[in-house]
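**Student:** One structure is given below, represented as C-alpha cells, and several questions about it will come after.
The values are calculated or read from the model by the stated rules, or taken from the named source; none is laboratory data. As the structure is a computational prediction, the values presented were derived from the model and not from experiment. Methodologically, a virtual Cβ is constructed for each residue, glycine included, from the backbone with ideal geometry; neighbour enumeration extends over all protein chains shown.
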Amino acid sequence: MIPIDPGNQCTLREAIIEANAAANGSEPDIIAFNIPSTASPSDPHVLTLSSELPAIIDPVESDGSTEPDYVSLPVIEIDGSSAGSDANGLTSDIDLDGVGGQLELTAVSVINFDGDGLNLTDGVNRVVDAHTGVRADGLTAGPNGRGAFIGGSADGSTVTSSILSANLD
C-alpha cells in the first residue's frame, strides 16, 4: 500500500511514480489516502497540481474511500487548474504484454483540467463512485476540457455509480 499522507511527504505524483516502478505483474498497487484535517463534501481535501501527473503504467487501485473522513461522497479532489495547457487528470496507459492491466479509481473527484479529466487509453479500467467535472459535493462544476476519454485498447473499461458532468466536451 502506498499512502498519500503529506505528513509523511508522499504526494499523489510520488505514489504514481512508486507504483509504476514496482514490478508486481498484474497485482495492483493500492494508493490509499490519509490527509490530516477535517473534510466534508463542502470542505474536501484539494490536491492542486502544478503539472500533469505521470501516466499510470502498472496496475493501480487509487481508492479515495480509504481517506478516514470519507463517508459516501468523495472527499479527495484532484484539481488541474494550475496543471497547464492540455494537461490530463489521470491517464491509464497500462499494457501488460498485450493483455492489458487495470486502473481502479474509487471515490475521487477530478476537476479543472484543460485536457481530459480521465484518459483511459489502455487496460481494463474501472471507475466507481468518482466525479469528473464536478467537485466532491456532486453539484458544483469544475469542468475539464473533456470529461473522460476511453479508447485505444481500453476494451472492457467501466464507469459505474459516478458523475461525469459539466465538462466542456
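**Student:** Within segment 53-90, restricting attention to residues that are touching a strand residue (DSSP E or B) at 6+ places or on another chain (Cβ under 8 Å) and charged (D, E, K, R), which residue is nearest to ALA22 (Cα to Cα)?
**Tutor:** Restricting to residues being touching a strand residue (DSSP E or B) at 6+ places or on another chain (Cβ under 8 Å) and charged (D, E, K, R), the top hit is ASP58.
**Student:** What's the number of the only condition in (1) polar (S, T, N, Q); (2) more than 12 Å from the chain's Cα centre (by Cα); (3) modelled with pLDDT of 90 or more; (4) in a strand (DSSP E or B) that THR121 fails to meet?
**Tutor:** Of everything listed in (1) polar (S, T, N, Q); (2) more than 12 Å from the chain's Cα centre (by Cα); (3) modelled with pLDDT of 90 or more; (4) in a strand (DSSP E or B), THR121 misses just condition (3).
**Student:** Okay, next question. Keeping to segment 140-159, report how many residues are surrounded by 14 or more Cβ atoms within 10 Å (Cβ to Cβ), in a strand (DSSP E or B), among the small types (Gly, Ala, Ser) and at pLDDT 80 or above.
**Tutor:** Number of matching residues: 2.
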